[in-house]
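Worksheet for the structure shown next.
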Amino acid sequence: MNIYLTFDVEQDLHSEKYVSLQRGIPLLLGLLNKYNILATFFVPAKLLNKFPNYFLNLEKQGHEIALHGLEHERFDNLPLIEKEKRIKESVKIYKTIFNKNPAGFRAPQHSIDEETLKILEKNNFLYDASYTPFNILQFLFFPRRFLLFIHGFFSSRKIKKIKKTMGYHTLKGAVCKAPCFLDDPKLKTVRLTPHSKESGFQFMDINKNFYEVPTSSFLIPFVSLPLRIFPWILLKVYLNILKLTHKNLVFYAHSWDFIELPKSKIDRYFNYRRLLNNLDKTIFYLYKGNNFLTINDLVKNENS
Ligand SMILES: [Zn+2]
């Protein structure tokens, strides 16, 4: 099994600052270095531009730097022309710093949509990693998405419709079951949300060079929250369920998950030290017999 640890690097939660760059990420890197493993960091282009050497240094250590919007904006609310402009500008900044094309993109706050995917594909991205399959946390934090999921659940699940509306060439195992939801009920476009077991594939083959790499989930997504709140014994059960239901595992957390957040209730009750400790235990538990890779490695392996 391959495991992909992914981290969104951005302004600290409830703050205008970037304390996580000075304090949080070094703690995280200490942990990654302890196991000699690599991760993927999604960063808004303007933040890359603000601290180019910081991220060049991360890249030199072997980690992957991918894009997380231009300035951490939502993409689903933008007009097409603006989406295009912002992605092009982000790519330009990335190329100036790293002297190569970015491979991956994650839309801030899961705000990916059909138009943005097409723009990414046109701009030679290899993958998008914005989706989190249906899970109960979305109900709490993204009620609109939950409603879309419900719409999709009761709508037609015929494969023809998906092909017609999505216009993509290949859809591996594209049987639209429970994880489907309507992206835009008015347009009736149905998006496949790749889910671990029901759909039989973990990441979707949009065409042979462009992938959707969703965060792993089994009711609860494989993000920082379960690692903060679950006692180790429960976390172990959860990890085993994920292992049984997934081909590869994609974990997702934020840079500010690794610093103290005085204004965050969650951090007050289940603080970042606890998260770090449980991430350490998780890596240790999954280390034997599995590979920790960057997402670019995954996409390269799939294409070769
Ligand atoms: Zn973000």
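The values are calculated or read from the model by the stated rules, or taken from the named source; none is laboratory data. It should be emphasised that the depicted structure is a prediction, and the values quoted were computed from it without experimental measurement. Glycine gets a Cβ as well: all are built from the backbone with ideal geometry, and neighbour counts include every protein chain shown.
Determine if segment 114-123 includes at least one residue that is among the charged types (D, E, K, R), more than 17 Å from Y211 (Cβ to Cβ) and surrounded by 14 or more Cβ atoms within 10 Å (Cβ to Cβ). Checking segment 114-123: at least one residue is among the charged types (D, E, K, R), more than 17 Å from Y211 (Cβ to Cβ) and surrounded by 14 or more Cβ atoms within 10 Å (Cβ to Cβ). Does T116 meet the test of being among the hydroxyl-bearing types (S, T, Y) and at pLDDT 95 or above? In short, no. Which residues, counting only those in segment 69-79, are in contact with a helix residue (DSSP H, G or I) (Cβ under 6 Å, 6 or more places away or on another chain) and touching a residue at least 40 places away in the same chain (Cβ under 8 Å)? If the condition is that a residue be in contact with a helix residue (DSSP H, G or I) (Cβ under 6 Å, 6 or more places away or on another chain) and touching a residue at least 40 places away in the same chain (Cβ under 8 Å), then H72, F75 are the ones that fit.
Yes/no per residue for (1) closer than 20 Å to F251 by Cβ; (2) surrounded by fewer than 22 Cβ atoms within 10 Å (Cβ to Cβ):
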{"site": "V9", "(1), (2)": "yes, no"}
{"site": "S20", "(1), (2)": "yes, no"}
{"site": "G24", "(1), (2)": "yes, no"}
{"site": "L31", "(1), (2)": "yes, yes"}
{"site": "L48", "(1), (2)": "no, no"}
{"site": "N53", "(1), (2)": "no, yes"}
{"site": "L56", "(1), (2)": "no, yes"}
{"site": "G62", "(1), (2)": "yes, yes"}
{"site": "H72", "(1), (2)": "no, yes"}
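Consider S111 carefully, then state whether it is away from the ligand (no atom under 12 Å from the Cβ) and hydroxyl-bearing (S, T, Y). Spelling it out, it is not the case that S111 is away from the ligand (no atom under 12 Å from the Cβ) and hydroxyl-bearing (S, T, Y). Pick from segment 116-130 the residues that are free of Cβ contacts under 8 Å to residues at least 40 places away in the same chain and assigned to a helix (DSSP H, G or I): which of them is nearest to S90 (Cα to Cα)? The qualifying residue nearest to S90 (Cα to Cα) is I119. So, L48, is that one within 16 Å of the ligand (Cβ to nearest atom) and in contact with a strand residue (DSSP E or B) (Cβ under 8 Å, 6 or more places away or on another chain) or not? Considered against the rule, which asks whether it is within 16 Å of the ligand (Cβ to nearest atom) and in contact with a strand residue (DSSP E or B) (Cβ under 8 Å, 6 or more places away or on another chain), L48 comes out as yes.
Of I87, I93, all but one fail to be more than 14 Å from the ligand (Cβ to nearest atom), closer than 19 Å to H63 by Cβ and over 14 Å from the mean Cα position of the chain (by Cα); the exception is I93.
Residues being among the hydrophobic types (A, V, I, L, M, F, W, C) and more than 15 Å from the ligand (Cβ to nearest atom): count how many of those fall in segment 28-45. Even if it seems obvious, please write down each step before you answer.
If we filter segment 28-45 for residues that are among the hydrophobic types (A, V, I, L, M, F, W, C), which is where we start, we get 28-29, 31-32, 37-39, 41-43, 45.
Retained after the next criterion (residues that are more than 15 Å from the ligand (Cβ to nearest atom)): 28-29, 31-32, 37-39.
Of the residues in that region, 7 qualify.
The single condition among (1) in contact with a Phe, Trp or Tyr (Cβ under 8 Å, 6 or more places away or on another chain); (2) assigned to a helix (DSSP H, G or I) that Y94 does not satisfy is (1).
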